[in-house]
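The values are calculated or read from the model by the stated rules, or taken from the named source; none is laboratory data. None of the values given here were measured: they were computed from a predicted structure. Please note: Cβ atoms are built from the backbone with ideal geometry, for glycine as well, and neighbour counts cover all protein chains shown. To get the accessible areas, we keep the full protein, side chains included, count just its heavy atoms, and leave off ligands, DNA and RNA. Shrake-Rupley method; radii C 1.70, N 1.55, O 1.52, S 1.80 Å.
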Amino acid sequence: MCGIAGWYRRDGRPVPARVIEAQCDAIRHRGPDDDGVLTDGDFGFGMRRLSILDVAGGHQPMRTPDARYAIVFNGEIYNHKDLRPDLPDYPFRTHSDTETILAAFQAWGNDAWAKLEGMFTVAIWDGVARELTLARDPLGIKPLYISQQGGGLAFASELKSLRVLPGLAFDIDEAAVHDFFSFGHVRKPRSIYRQVRMLDPGHVLTLGSDGKKAVRAYWQPRFRPAPALSAAAWTEKMQAMLLETTARHMQSDVPVAAFLSGGIDSSAVLAAMTRASAQPIKAFTIGYPGAEIDETDAARDIARHLGCEHIVLPLDLASAIDVLPKVQRCYDEPFADMAAIPTWYASKLAAEHVKVVLCGEGGDELFAGYKRHRNARNIERLRPLIGTGAGLGALLDRLPATSSPRLNLLRQHAQRFAEFARLPDGYQQFFAATQISRRSLRKQIYSPGFWSRQEGENSYADLERRYFGGVEANASTALEQFLFADLSLNMPSAMLTRLDRASMAHSVEARVPFLSHKMVDWALTVPPELKLRGGTGKYILRQAIAPWLPPGILKRPKQGFQMPLAAWLRGAFGGYAREVWNDSGAAGAGYLAPQAVEQLFDEHKRGQADHGRMLYAIAVFGLWWRDARAPARPALADAA
């Protein structure tokens, strides 16, 4: 696991080594064990390494024996040993997965990427053809930012590594700000800056000396017809896939542990780990003493049953105020995911014991674990009876606030559900369900100019065309469309961003067995009735792991790895959030109407409405704005 960065300036403009060193220094936290830089005229790249495999022999940049190709690589390739017999002509000198990638690229070119099972961003420099190749793993587990300016192309694992480069512009993208206040994060491939985009998951980019850039997909998720199997056979295959994938993800020359929330997905991964290891596994849990969402007791029961060493960190919500600026800073752009703080603390806890953890991300998206998936399926079935529900929605929108916070919350939920039910397909329902603010609320708090520039006549239809127009996913039902959107858009934009930055901020490698593309390919053949059966999501996964876990543990309601925002913002954090917003200067940025924001704080405090997610986003934006307005420090001014 590493962080990578580089710059292909082109046209003979030299790239000094100290510029690349500055890029790598900016992401030292991603790899404190080792570093390396290579420069070749108008090109240079480097890396920071967290040593996991072949600790002694995996130094980067690494070259082929003929010195034509050089590589820097962030991630892990779990099948790299299996690929080596197919590369008999390459004289391997190390046991590292980095060298396997290099040999595969030399032999197969860009056909190599689909053969790799793992998480990765890779940069390969062809010093003879003077061509740069960048590739990103199929699901977007590892990040790669790209900025094409001034005839050249710069890239990095994090935005902060680009901002140190001299002569590059970084202007705020208003559409990304709109993304943030709509969904709590910036949607891929955007970044918060107009001049920076992310390389899409499952894509490869090449840039030659002539400046011509080519980008193509080498893998995309697609639903496929299911083979005719009994439910018992499907369950048996689910067990086998989970055990095999988890075992491969445990490859390491250093100890491996797990995050354990007490939910199904992390429990499934931990249970599979214990079957692949002769030694007890460490499991890390974040607790919320006294809170309804606390799952410490369930996690403790699971860990004890599996014979794990269970380590719990009780989270004091008051102290979270102090850590929020640090949490926000590791994202380099506004990021208001509700689980960002607990994931940051879990990573900090893990870093005191290990370098590698396995996590349960992806289980909900593959096997229909969210309530919104049940809603999409149920509405599609009831559509002939309820129609569009437009009349009910209009009535609910006219209901006034009451003196009862509980009734007001129920009114909000009913309004959101009615809006959800009116939408024609799973893609549009996905956007409605994953937003942190309804369109009516954004109209209330956006400044008039920002509103007119960002909101279309039918924003959900616009979003569907932008992200899923022309996509060949074979998603024929609302549930399949919803699952595809969760997997291909929400996962890399939000959940994997959260996991990567929080873990890497503490020099911890987080691995996600459910998101092996081989697991994903198989999961997309599982019949929908085995994912969502009646009101039970993740049915096949539950059946597969039930024999491994304590009796009755799977009957617990889903909690989620998140913060109790509504109550938090009615207490001391509400005053802190308002202070951050006003003192940061963000209130004068022109995006939100200051008086409307003040009204939001007041309504939430009085219990007239639950604006917790939006107010948290407003506080996070203020923290980011304060940092973003600080002048950047170019690595070398005279290199411009």
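Assorted remarks:
- Yes/no for V177 being in contact (Cβ under 8 Å) with a residue 40 or more places away in the chain, among the hydrophobic types (A, V, I, L, M, F, W, C), in contact with a helix residue (DSSP H, G or I) (Cβ under 9 Å, 6 or more places away or on another chain) and part of a strand (DSSP E or B): no
- Test result for G393, surrounded by 16 or more Cβ atoms within 10 Å (Cβ to Cβ), at negative phi and at pLDDT below 90: yes
- Region 282-312, residues that are assigned to a loop (DSSP other than H, G, I, E, B), open to solvent by 70 Å² or more (accessible area, probe 1.4 Å) and among the acidic types (D, E): E292
- Note on region 249-281: residues that are assigned to a helix (DSSP H, G or I), among the small types (G, A, S) and in contact with a Gly (Cβ under 9 Å, 6 or more places away or on another chain) amount to 3.
- Within region 578-622, the set of residues being farther than 17 Å from P564 by Cα, in contact with a His (Cβ under 8 Å, 6 or more places away or on another chain) and charged (D, E, K, R) comprises just one member, E603.
- Each residue in region 195-217 was checked for being crowded, with 17+ Cβ neighbours inside 10 Å and at pLDDT below 95, and 0 of them qualify.
- Number of the exception - I20 against (1) hydrophobic (A, V, I, L, M, F, W, C); (2) open to solvent by less than 10 Å² (accessible area, probe 1.4 Å); (3) part of a strand (DSSP E or B): (3)
- Tally of residues being surrounded by fewer than 18 Cβ atoms within 10 Å (Cβ to Cβ) and among the polar types (S, T, N, Q) across region 313-345: 1
- Summed over region 1-14, residues that are more than 29 Å from M250 (Cα to Cα) and buried (at least 24 other Cβ atoms within 10 Å of the Cβ) total 3.
- Test for R30: is it open to solvent by 10 Å² or more (accessible area, probe 1.4 Å) and of a type in the set (D, E, K, R): no
- Some residue of region 146-160 being out of contact with any Leu (no Cβ under 9 Å at 6 or more places or on another chain) and assigned to a helix (DSSP H, G or I): yes
- Test: residue in region 238-253 that is over 25 Å from L366 (Cα atoms), open to solvent by 20 Å² or more (accessible area, probe 1.4 Å) and in contact (Cβ under 8 Å) with a residue 24 or more places away in the chain: yes
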